[in-house]
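Heads up: the structure comes next, in structure tokens.
The values are calculated or read from the model by the stated rules, or taken from the named source; none is laboratory data. Every value quoted in this text rests on a predicted model; they were computed, and no experiment measured them. Cβ sites come from the backbone with ideal geometry, for glycine too, and all protein chains shown count toward neighbours.
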Amino acid sequence: MAPRRLAVMTAIVVLATGCGAAGRSAPPASSPAATTPRPTILSQVPTLAPTAAASTSPSASGSIDPTDFVATVDNPWFPLIPGTVFTNTGMKDGKRAVDTFEVGHETLVIAGVTCVVIHDSLKLDGVLEERTSDYYGQDRAGNVWYFGEDTDELDAKGNVTTTEGSWHAGVDGAMPGIYMSADPAVGQSFAQEFYEGHAEDHFRVKALAVHVKVPFGSYADALLTEEWTPLEPDVLDNKYYVRGIGQVREVAVKGDPEELSLARIQRP
């Protein structure tokens, strides 16, 4: 199936293809993206140098046109239906992990785009260690964009110890990126975000029909991606997505052991 084209995005700089235009260093050596560049499916969007990304914001450059976006996120690989709660279980930092991912009913306007708000909370051994609000918007072609996050890391008493990693598109040079394309194809590679030195995640599509088994169910046609950031070159994750559900599994394949799998969905 031929990938859809993004309607009018004419100058956004965060869509790194292969050897990262949106990062300050190369991806992990174990990632195929470290070898040969791959063309972006958004051929109308040129890729520029990271120095340009650091000095350009969507609101200032006009590269994000809010009229190219819709009010809902219904990409089948990452549908965000308000009121839905996803519970993932597994291990992180050697502790029992429970991650709750709730699609909010509220929205937030970032860089002129109305974004769906996600409330994400992570408990380790029953103690809340991180809470995050994530912001996603979808363009008319069906591509899901990541517009920022507000993150709090907490100590054992519930006090905020750091907000590192928080960013909003259009603020301090931060740029949105593609989180999920409308028509995933093997080899597609994108920057998911760009806030230099703070948030520089990338992903690449590895396979379109793989088997994955999680507590919630077993699936034979999952989408498999790998995700990395030049800020942590020794870390590489694999993520699995199922049509009509979204992400069902995340596992570290390089770096500290970590795994989260979908255990329950509460629908509105």
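Based on this model, can you work out whether PRO268 counts as crowded, with 16+ Cβ neighbours inside 10 Å, touching a residue at least 24 places away in the same chain (Cβ under 8 Å), part of a loop (DSSP other than H, G, I, E, B) and not hydrophobic (A, V, I, L, M, F, W, C)? In short, no. If the condition is being in a loop (DSSP other than H, G, I, E, B), in contact with a Gly (Cβ under 7 Å, 6 or more places away or on another chain) and more than 18 Å from ARG267 (Cα to Cα), then the range 68-112 contributes only ALA111.
Here GLU129, GLU164 are screened, and the one residue that is touching a Lys or Arg at 6+ places or on another chain (Cβ under 9 Å) and either touching a residue at least 12 places away in the same chain (Cβ under 8 Å) or farther than 17 Å from VAL103 by Cα (or both) is GLU129.
For GLU164, state whether it is among the charged types (D, E, K, R) and crowded, with 20+ Cβ neighbours inside 10 Å. When the stated conditions are applied, GLU164 does not pass them. Considering the range 221-255, the residues that are assigned to a strand (DSSP E or B), acidic (Asp, Glu) and closer than 16 Å to ALA191 by Cβ include one that is nearest to the chain's Cα centre (by Cα), namely GLU227. Scanning the range 90-139 for residues that are in contact with a helix residue (DSSP H, G or I) (Cβ under 6 Å, 6 or more places away or on another chain) and acidic (Asp, Glu) yields a count of 1. Yes or no: the range 231-248 includes at least one residue that is aromatic (Phe, Trp, Tyr) and within 29 Å of THR72 (Cβ to Cβ). The answer is yes; a qualifying residue exists.
Looking at ALA185, ALA252, ALA174, ALA199 in this structure, which one is in contact with a strand residue (DSSP E or B) (Cβ under 9 Å, 6 or more places away or on another chain) and free of Cβ contacts under 8 Å to residues at least 24 places away in the same chain?
Selected residue: ALA252, the only one of ALA185, ALA252, ALA174, ALA199 that is in contact with a strand residue (DSSP E or B) (Cβ under 9 Å, 6 or more places away or on another chain) and free of Cβ contacts under 8 Å to residues at least 24 places away in the same chain.
Looking across the range 132-158, just one residue is under 17 Å from VAL116 (Cβ atoms) and among the basic types (Lys, Arg), and that is ARG140.
Would you call TYR135 within 19 Å of GLN247 (Cβ to Cβ), out of contact with any Leu (no Cβ under 9 Å at 6 or more places or on another chain) and modelled with pLDDT of 95 or more? In short, no.
Within the range 180-220, the set of residues being part of a strand (DSSP E or B) and either within 15 Å of the chain's Cα centre (by Cα) or buried (at least 23 other Cβ atoms within 10 Å of the Cβ) (or both) comprises MET180, SER189, PHE190, ALA191, GLU193, PHE194, TYR195, ALA199, HIS202, PHE203, ARG204, VAL205. Of the numbered criteria (1) at pLDDT 95 or above; (2) not in a strand (DSSP E or B), the one CYS115 fails is (2).
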